[in-house]
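The values are calculated or read from the model by the stated rules, or taken from the named source; none is laboratory data. Please read all numbers here as calculations on a predicted model, not as lab measurements. Glycine also receives a Cβ, built like all others from the backbone with ideal geometry; neighbour counts cover every protein chain displayed. The area values use the complete protein model at the heavy-atom level, side chains included, leaving out ligands, DNA and RNA. Shrake-Rupley method; radii C 1.70, N 1.55, O 1.52, S 1.80 Å.
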Amino acid sequence: MSNYYHMPKLPSADSLRVTINVDGKDVVVPGDTNLIEALRSVGIETPHFCYHPHLPLSGNCRQCLIETEGPRGMGLAIACYTPVRAGMKVATPASSPKVAKARKTVMEFQLVNHPLDCPICDKAGECLLQENYMQAGQGESHVREDIGKQYHGAPEHRFEDTKGQDRGGKDIDIGPRIILDEERCILCDRCVRFMRHVAGDEQLYIAARGDHAFITTFPGKKLDHAYDLNTTDICPVGALTSKSFRFKHRVWNLQHTPSIDPTDALGANIWIDHDGGTVYRLMPRCNSDVNRSWIANSTRAAFEALSTNRLLDGRLQGKTVTRSEALRHMMEKLQSAKKVALVSSGHLTLEDNAAMLSLAGVLGPRAEVFGGSWLPVAKPDGIALSGDPVPNRRGVSLLGIADNLDQLVSRAAEFDVVLLAETDLWFADSKQAKALEAIPNRLVLSAWDTASVKAATCAVGINAWAEVRGCMVNIAGRLQMMQAAPVSPVDALEPAWQTLSHLAGSDWNEVIEAWKFATGICSPLASIKYSAIGSSGLQLPPSGAHT
Amino acid sequence: MADTSPKVCTVNFGKGAQDISVYKSLGGYSNVGKRLFDLSQFELIDLVTRSGLRGRGGAGFPTGMKWSFVPRGGKPVYLVVNADEGEPGTFKDHFLMLEDPHRLIEGMLICGWALGVRTAYIYVRGEFLSAVESLNKAISQAYAAGLLGANIGGSGYSLDIYVHRGAGAYICGEETALINSLEGCKGQPRLKPPFPAVSGAWSSPTCVNNVETIMALPWILENGPEAYAAIGVGRSNGTKVFSVSGDVKRPGVYECALGLPIMEMLESEQFCQGVIGDLKGVIPGGSSTPVLTTAEASDAKLDYESLAAKGTMLGSGAIIAFNSSRNVVTMLQSLTRFYAHESCGQCTPCREGTGFANRVMKTVVAGKGRDTDLQLLLDLCEGFTPTTICPLAAADAGPIESFTKKFRADFEAAIARNPERAEERLHPNFRPGAFW
Amino acid sequence: MTHANLPQQPTFAEIAPRLETPAMKARVADLIRRYPSPQAALLQVLWLAQHELQWLPQAAIEWSAHQCKTSPVHAYGVATFYTMYQKAPVGKFLLQICQNVTCHALGSENLIAHAEKTLGIPADGAHVSADGLFTLLRVECLGACGNGPVMQVNDDFATDVVDGVVTMPKSISLTTERFDKIVAWCRANKEKGLVRDPLGGTLAGDLGHPGAEGASAQKQNSDYAPPPPALAVKAIAGTGVALTWKAAPEITELRIEHSSTESGPWAPLATCSPKDKEFAHATGIAGDCYRIVAVSGARVAKPSQIAKAGV
Ligand SMILES: Cc1cc2nc3c(=O)[nH]c(=O)nc-3n(C[C@H](O)[C@H](O)[C@H](O)COP(=O)(O)O)c2cc1C
Ligand code: SF4
Ligand code: SF4
Ligand code: FES
Ligand code: FES
């Protein structure tokens, strides 16, 4: 691997548009990118393995061949490394038998030494080798069975199978979270480039050379990094797979719901992969402006909480009650209260917090809204974590809620009711939270059976982040939307905004009503429609940043 | 009979020029001073361009033109001398460095002044430790004589030269792989563009030239570009140092004017003094150049254009002659094995294709070939030649295509030795000790 | 299937006394100063380590990586890429017989068969003869085809023994008899071995790479400028002053400055291209002073020495 690499140039909304000729037809494409991206922009997918929009270019798989005009007439070139030039001529397999043949040949070479064990491979269904074979490679093969294969693998892992064939390593424990199958590796070096250029910790390398090359860590060392699971996503084949997802589920059965990292204020874009009401994994969702294609292992692990320690019903003085009993109790307490402290939450969406503000409006001068968090903030890691564990901190302040939990502590004696929604103050700082125990009525809305639930006089379960639709504003002022995955453990649960609207007596049924309320009270959000947010979010103008 | 052909790079052979005092007494370094430092960079590049000197590393690219691509006034410029000499059949650079290391240093000073180089490297293949020793000795002498280091000859110009020892990888002869290897990486070729002249070592402009190319410079400066251009034929100017091996009476390193008939090289008294046995074929320019049959060789001339007209190349000037007692089938397998062994493993078609082609050749040699195998080999060549990063795969195709075409009867006979077309599996032979 | 030659890997503590020596430290530092980045010295440092230990255990690869400030796995990739680094112990004499095209045509297979029989080990580089002296290895073209078939013993080309020295005389190729002669020499010299400095000796007088750690050469950054050209001026009655100068490399622009006294003030007179080597100042007179400033991109040199127009 070379020291000097070029990152691919990706098209943007303000890319200069130029005309190129593809297969004899003129098309208009972004002028500042490579041919893979340009062709994709006009709906032509080019099969590829080594190219990744967020990794440096390597150009080693040679699968993305096209023909373009060079000094010596039309010739083969790799689309991933060929920049768009206005007026250039490009031929894809649609018009060039030469390209079709070349791609098929490369695919054949790719399979010469591949084990083809798809039936037992975890990647089956999302393997680029399978996909590209369908696109480029089908046909009669030249491979002679009797010549045997030269499987890729480290000498210490090689073995002879029952047919007498020398094999590469299988099921290698390469790290605490990842399993390596050496034979399946197609040596695209994506994982190597990820570890070197994105993670910044070179732990993987392709050793040896020629068809004896193999992917490896330093002997005796493990692949162990806070972002290492990304290598299992970008590995185009089933060479690197995640231990936690291993054999859990066939990928073609999974449904994907777009969402936002609930653990960090960068708001990395994610997919919730679920089936039959169960979430199987969280995967990165590509967003060039936020997390590119990467999420931290800690983000991935967030799905495990969705099925552990949930609060599915109500609690009254420590005893389990139904949700409606708990809600009735809360409503009574709010109505009779002299002074209510409402504690907003950066873990909830803008809609949820708007619903709290609407409740405050209903309660009038009897209510005061508090905000903030006691969770410690770390430094950004430059990849996909900002270090701030409160995902919607920026959104809460955008709604005009101050960071004033300290005041709540010092003035606790003024209140007879405190209402917390998804903010676990007793966990974040049990010493400070102790002061709140002076307030006789402590009402808690929470998806989990938390320390605050235990300290509450009355608590009620709500939906967790994966189960609700709503918006958050990330640390850079980007408005992003999470969609609800149908994975609520029980049907009775409601999102926080809905429960709060019941308490306010307004009975909103659609999240859009909460959104309308939010846009009405918050000028930076004014007149923004859900449809304007888009899958990659909407950057709010910086003026709103200091509200 | 005395050797009467013109000598540019090998003039000092056998004269003990390894020692700086001998080299100087033979006229060496006399131009490193006023003559050189009075010339501006442009005059010098123009001078090299007018001499018609072309790269002797294999591609034959005009040297003056390559130098003119090097930008100045920006990042530091590097000169890297390519002494990785790995093309089977080639051994001239080794002898050039052993016999006349100071000529290489003088040539590097000329190139260095032309391009504003302050640090230059000589990348020597790992097996040539004796050449590394010879160069280090000569470089130390040059430092002591004030010909290297700071303010050379009072010109204000300074140059440092280091020898970088390779460690066994033919592909490091490819200029971008060489640069990666110089940077302490695996020797894998880079994607082009950018070409090294613009962005090479440490992403600085880098001039990569073969040993012989650089060693022609002192003569050109001394005698003038016209004198150099007057040697040779057509667009193949000057002399070339040939490495001749195989079935000839006196194999070795010979310099002659370009355009010499191959047969004269093989048979003349001043060169190889004749072929042993009846000539069956000649590889004219190193293992990757297509082989010539005796008939083709009979009127072939050793220059870029006439060999191109014969469908082959001058390459690195490595002539391998072999007679009818040699087995061309196993010879080809030794080459397919070589390219499979030397593929850097970076790009798919070459990594898997050269290895597969070699396994096919192995089955043929083992007497397990099939009628379709020759076509299979040609298909593989057609598949990997145009689709790779560097020309190594194409270099494998050169011998495969030419050997199987020109000596078809031998290959068919080898396949026919296998009457029942045995279906036994042939294991790929994994040798960790040798490979990794 | 296990591979016979997966070697026992020593720990770093076991090899440290050989590597962590003052001499080694000085040598590594000398290598690193030759390059703009320490990583570039990796191949050379691996050579040194291999020389000390006769092979490259993983701990030595990791040590080399640390010396060159690169990651261990990078160094592992590099060490496994190049075939001359021995990843398992080899005999005192590593006999490498060329099997490539010329040597093959001239009978290297017979030689290899003979060698395997004589030494009782296969030529796979993975075995050491019982006496610990020999390892046999088939290799590709050694770059000595004119002597084909040829062999290298450690770092020496070897086709014969002449006057008690293993050597490769012109046009002498390896035969089974000469092979036996060389093997006999090795046995006789097993104490001494056949050892050379792995990097062909050291240099004296070099400056190092500009800006590298420990180097004395000036850094080629904005404060480094090309040497100013030497200027000569002549006033010619009636036609002004003619300036000529000698070249210097790296120049992208030349600025000529003029003053009527040697102490200035200096006024810009003209800008010349690096191709120019002369300039005529039509209104110049005898006694005028000139100097020239060389420019290389963003770098501007100190002005040249002042030249006064004579008559
Ligand atoms: C696979 C391959 C191997 C090469 N090996 C060598 C070599 O051993 N020595 C060499 O001088 N050039 C070699 N070259 C050519 C170099 O890439 C490069 O063209 C040359 O060093 C330029 O120098 P020149 O212009 O003086 O010939 C090789 C090229 C390829 C593609
Ligand atoms: S492990 Fe996967 S990502 Fe890494 S090189 Fe192999 S195929 Fe590519
Ligand atoms: S063609 Fe072969 S040697 Fe060249 S880059 Fe590709 S794999 Fe490496
Ligand atoms: S995607 Fe273009 S070469 Fe791999
Ligand atoms: S072929 Fe044996 S040394 Fe070149």
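Hey, could you grab the Kirkwood Rh for the protein assembly as shown? Inverse mean 1/r over distinct alpha carbon pairs, Å, one decimal.
35.0 Å
The long axis of helix C:108-119 is offset from the longest Cα principal axis of chain C by roughly 60 degrees. The figure for residue C:131 is an accessible area of roughly 80 square angstrom, using a 1.4 Å probe on the protein chains alone.
Both radii were evaluated on the Cα set of region C:231-308; the Rg over Rh quotient, with Rh as the Kirkwood radius, amounts to 0.95.
Averaging Cα coordinates gives a centre for region A:382-441 and one for region B:291-343; these two points are 81 Å apart. In this structure region C:3-81 gives 36 Å² per residue of accessible area when probed at 1.4 Å with all protein chains present. With respect to chain C, whose longest principal axis is taken over its alpha-carbon atoms, helix C:22-32 is tilted by about 50°. Solvent-accessible surface of chain B, taken per residue with a 1.4 Å probe and all protein chains present: 28 Å². Across region C:231-308, the mean sequence separation of Cα contacts (distance under 8 Å, 6 or more residues apart), normalised by length, yields a relative contact order of 37 percent.
Name the residues of region C:287-303 whose accessible area, probed at 1.4 Å, falls by at least 30 Å² once all protein chains are in place instead of their chain on its own? Residues passing the criterion (a loss of at least 30 Å², heavy atoms only) are C:299.
Per residue, chain C reaches -7500 deg cm²/dmol at 222 nm when only DSSP H runs of four or more residues are counted, each adding -39500 (n - 2.57). Interface of A with B. Using a 1.4 Å probe and counting protein heavy atoms only, the two chains hide about 4400 Å² of accessible surface, both sides summed. Residues A:271, C:245, A:448, sorted by accessible area with the largest first, give A:271, A:448, C:245 [1.4 Å probe; ligands and nucleic acids excluded]. To the nearest 10, the accessible area of residue C:179 is 0 Å² with a 1.4 Å probe.
Interface C-A: total buried accessible area of about 1700 Å², 1.4 Å probe, protein heavy atoms only.
For the ranges A:77-87, C:70-80, what's the packing order if you count other beta-carbon atoms within 10 Å of each residue, average per peptide, and put the highest first?
In descending order of packing, they fall as C:70-80, A:77-87.
What is the mean number of Cβ atoms from other protein chains located within 10 Å of the Cβ atom of each residue in peptide B:75-87, rounded to a whole number? Across B:75-87, the average partner-chain Cβ count within 10 Å equals 2.
Computed over chain A, the P(r) curve from all C-alpha pair distances, binned at 10 Å from the origin, holds 3, 16, 23, 21, 16, 11, 7, 2, 0 percent per bin. Partner shielding of B:385-393 amounts to 3, given as the average count of beta-carbon atoms from other chains within 10 Å of each residue beta-carbon. Tell me whether region C:3-81 comes out rounded, prolate or oblate; compute the Cα gyration tensor, take square roots of the eigenvalues as a ≥ b ≥ c, and use a/c under 1.5 as the rounded threshold. Oblate, because a/c is 1.5 or more while a/b does not exceed b/c.
In the assembled protein chains, residue A:26 presents an accessible area of approximately 110 Å² (probe radius 1.4 Å). Expressed as a rounded percentage, what relative contact order does region A:172-289 have, with Cα pairs under 8 Å and six or more residues apart? 21 percent. Quickly estimate the mean residue ellipticity at 222 nm for chain B, helices only: each DSSP H run with n ≥ 4 gives -39500 (n - 2.57), and the total goes over all residues, rounded to 500. Calculated from helices alone, the mean residue ellipticity at 222 nm is -12000 deg cm²/dmol.
Listed as lacking a disulfide-compatible partner in chain A: A:64, A:80, A:118, A:121, A:127, A:185, A:191, A:235, A:286, A:458, A:471, A:522, by the criterion of no other cysteine Cβ under 4.7 Å.
When B:269, B:85 are compared by accessible area at a 1.4 angstrom probe, the order from most to least is B:269, B:85. Dipole size of region B:231-323 about its Cα centre, with +1 on Lys/Arg Cβ and -1 on Asp/Glu Cβ: approximately 180 debye, rounded to the nearest 20. Annotation: peptides B:140-151, B:159-170, ranked by per-residue average of other Cβ atoms within 10 Å with the highest first, follow the order B:159-170, B:140-151. Take region C:243-311 with all the other protein chains still there, run a 1.4 Å probe, and you get 50 Å² of accessible area per residue. Amide H contacts of residue A:421: A:343, A:445, each under 5 Å away and 5 or more positions distant or on a separate chain (H built 1.01 Å from N in the peptide plane; Pro and chain starts excluded). Taking all protein chains together and a 1.4 Å probe, the residues A:32, A:406 rank A:406, A:32 from largest to smallest accessible area. Relative to the longest principal axis of the Cα atoms of chain C, helix C:176-188 runs at roughly 90 degrees. Mean residue ellipticity at 222 nm, helices only, chain A: -5500 deg cm²/dmol; runs of at least 4 DSSP H residues each add -39,500 (n - 2.57), and the sum is divided by the number of residues.
Averaging the sequence gap over all C-alpha pairs within less than 8 Å and six or more residues apart, then dividing by the number of residues, gives chain B a relative contact order of 16 percent.
A quarter of the convex hull surface defined by the alpha-carbon atoms of region B:20-228 gives 10.6 nm² as the mean projection. For region A:204-216, the Karplus equation 6.51 cos²θ - 1.76 cosθ + 1.60, evaluated at θ = phi - 60°, returns couplings of 10, 7, 9, 9, 6, 8, x, 7, 9, 5, 8, 8, 7 Hz by residue, with Gly and Pro reported as x.
Computing the accessible area with a 1.4 Å probe over protein heavy atoms, can you report the carbon and sulfur percentage for chain A? Spell out each step's value before the answer.
Working: 11450 of 21090 Å².
With neighbouring chains kept in place, the figure for chain A is 54 percent.
For chain C, carbon and sulfur atoms together expose 54% of the accessible surface, with a 1.4 angstrom probe and every protein chain in place. Normalised Debye scattering of chain B at q = 0.06, 0.08, 0.13 Å⁻¹ gives log10 I(q)/I(0) of -0.26, -0.46, -1.15, counting only Cα atoms as equal scatterers and leaving out solvent. Peptides A:371-384, A:160-173, A:96-109, ordered by how many other C-beta atoms sit within 10 Å of their residues on average, highest first, read A:96-109, A:371-384, A:160-173.
Averaged across the residues of B:327-339, what count of C-beta atoms belonging to other chains lies within 10 Å of each residue's C-beta?
Other-chain Cβ atoms within 10 Å of each residue's Cβ, averaged: 4.
For residue B:7, the lysines whose Cα falls under 28 Å of its own Cα, not counting residues fewer than eight places away in the same chain, are B:15, B:24, B:34, B:66, B:92, B:137, B:240, B:249, B:301, B:310, C:170.
Here's the picture: charge each Lys and Arg Cβ at +1 and each Asp and Glu Cβ at -1 in the protein assembly as shown, and of A:438, C:85, A:55 the one pushed furthest to the positive end of that dipole is A:438.
Working from the Cα coordinates of region B:109-211, the gyration tensor eigenvalues give, after taking √(5λ), semi-axes of 25, 19, 9 Å in decreasing order. The C-alpha radius of gyration of region A:217-324, expressed as a fraction of 2.2 N^0.38 Å, stands at 1.32.
When chains C and B come together, the accessible area they lose, probed at 1.4 Å and totalled over both chains, is close to 6900 Å².
Once you order the gyration tensor axes a ≥ b ≥ c over the Cα atoms, which shape class does region C:93-188 get: rounded for a/c under 1.5, otherwise prolate or oblate by comparing a/b with b/c? Don't jump to the answer; show the numbers that get you there.
Working: a/c = 1.70, a/b = 1.15, b/c = 1.48.
Oblate is the answer for region C:93-188, as a/c is 1.5 or above yet b/c matches or exceeds a/b.
A convex hull fitted around the alpha carbon atoms of region B:231-323 yields 74 Å³ per residue.
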